[in-house]
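S.K.: This is the structure, below, for whatever I ask next.
The values are calculated or read from the model by the stated rules, or taken from the named source; none is laboratory data. It should be emphasised that the depicted structure is a prediction, and the values quoted were computed from it without experimental measurement. Heads up, the Cβs are rebuilt from the backbone with ideal geometry, glycines too, and the neighbour counts pull from every protein chain shown.
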Amino acid sequence: MAARAVDGVVVARVDGLPREGVRDLAVAVRDRPGIRAVVLAGAPDGGGAALVAAVASGAGLHAGDLIADASKAIRGGGGKAADLAVAGGKDAGGIDEALAVVRAALGL
């Protein structure tokens with residue numbers, strides 16, 4: 001996943017993981033050399049949607065800001081922390097739109 005980073009940023013869909021798994025994967029990818037930020041979204045087995053942003057220290061990005069607008073696409077809300085933000089939502093059908101919002105905000 002880190003190999004697909006654009007300008008040190010990974011934005012990807014990962015379905016079938018529990019919410020904690022999406023969070024753990026985002027943090028693991030963020031901690032790889034050269035990665036500034038990771039935004040992952042997916043449809044957990046239990047239903048709904050999960051959206052996670054993990055930002056490296058000194059990256060000049062804010063995790064909560066990265067997913068604030070995107071979380072609306074999954075009809076959700078959540079964390080606003082600078083380094084790790086997690087949002088849950090009710091609409092898995094909005095995951096691709098949420099990721100598109102993040103990509104657009106980052107200019108990817």
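S.K.: Please work out if G89 is more than 19 Å from A2 (Cβ to Cβ), in contact with a Lys or Arg (Cβ under 6 Å, 6 or more places away or on another chain), of a type outside the set (A, V, I, L, M) and buried (at least 19 other Cβ atoms within 10 Å of the Cβ).
M.R.: Details: more than 19 Å from A2 (Cβ to Cβ): yes; in contact with a Lys or Arg (Cβ under 6 Å, 6 or more places away or on another chain): yes; of a type outside the set (A, V, I, L, M): yes; buried (at least 19 other Cβ atoms within 10 Å of the Cβ): yes.
Yes: the conditions hold for G89.
S.K.: Any residue that is in contact (Cβ under 8 Å) with a residue 40 or more places away in the chain and surrounded by 17 or more Cβ atoms within 10 Å (Cβ to Cβ) - is there at least one of those in segment 62-75?
M.R.: Applying the first criterion (in contact (Cβ under 8 Å) with a residue 40 or more places away in the chain) to segment 62-75 yields 66.
From what's left, surrounded by 17 or more Cβ atoms within 10 Å (Cβ to Cβ): 66.
Looking through segment 62-75, at least one residue is in contact (Cβ under 8 Å) with a residue 40 or more places away in the chain and surrounded by 17 or more Cβ atoms within 10 Å (Cβ to Cβ).
S.K.: Can you give me the ranges of the strands (runs of 3 or more DSSP E) entirely in segment 12-108 with at least 2 residues that are at pLDDT below 95? Before the answer, list the steps.
M.R.: Working: elements: 37-42, 49-55, 76-78, 84-89.
The qualifying strands (runs of 3 or more DSSP E) are 76-78, 84-89.
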